[in-house]
Amino acid sequence: WSSTSLSAATSPQRVAHMLGRLYSSFDALSRQFAVFKVETIGDAYMAVTNMVEDQPHDHAQRLARFALAAVDAAQRTPIDESDPSLGNVRIRVGMHSGPVVADVVGTRNPRYCLFGDTVNTASRMESTSIE
């Protein structure tokens, strides 16, 4: 299921509930692997290493292990707990290493954001990857 087809197949409340369950499991994994969650936008979950906590020797390995665990957690998360026929969540992952610029943007609803080619490359990797 893509997020677009999933939204067409079930109610917005059920999609929100599924994302809440999924992101809660990702949040637990982020603590386990010392990965920093930057933000969630719709169905995208962005996390980084070696930015908030100094991890010069194993940051890529931490992020890769987090990504593999996130794929596993998604595969165990039902899309709709009341309709098992919809199956479980499948996700794609994009990962890239390099410099970023971090800043808080906005004043009304300020957001901590990352900018740079590293972020753009990871996003393209995710959007063009296979499930």
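The values are calculated or read from the model by the stated rules, or taken from the named source; none is laboratory data. Note that this is a predicted model, so its numbers are computed, not measured. Positions of Cβ are backbone-derived with ideal geometry, glycine not excepted, and every protein chain shown enters the neighbour counts. Please note that ligands, DNA and RNA were not included when accessible areas were found on the heavy atoms of the full protein model with its side chains. Shrake-Rupley method; radii C 1.70, N 1.55, O 1.52, S 1.80 Å.
Counting only residues that are part of a loop (DSSP other than H, G, I, E, B) and surrounded by 12 or more Cβ atoms within 10 Å (Cβ to Cβ), the range 65-119 holds 17 of them.
Among residues of the range 14-41 that are under 17 Å from V93 (Cβ atoms), those with a beta-carbon under 7 Å from a residue that is open to solvent by 50 Å² or more (accessible area, probe 1.4 Å) and in a helix (DSSP H, G or I) at least six positions away or on a different chain give the pairs F33/R62; F33/R65; V35/R62.
Being more than 19 Å from D43 (Cβ to Cβ) and touching a residue at least 12 places away in the same chain (Cβ under 8 Å) holds for only one residue in G87, G94, G106, G116, and it is G116.
Apart from one condition, D54 fits all of (1) in contact (Cβ under 8 Å) with a residue 12 or more places away in the chain; (2) more than 16 Å from the chain's Cα centre (by Cα); the exception is (1). Selection of the range 72-93 for residues being basic (K, R) and touching a Ser or Thr at 6+ places or on another chain (Cβ under 7 Å) yields only R92. Counting the residues of the range 38-68 that are under 15 Å from Y23 (Cβ atoms), β-branched (V, I, T) and modelled with pLDDT of 90 or more gives 0. The residues of the range 17-61 that are open to solvent by less than 60 Å² (accessible area, probe 1.4 Å), of a type in the set (G, A, S) and part of a helix (DSSP H, G or I), listed by number, are G20, S25, A28, S30, A60. Selection of the range 120-131 for residues being polar (S, T, N, Q) and open to solvent by 40 Å² or more (accessible area, probe 1.4 Å) yields N120, S123, S127, T128.
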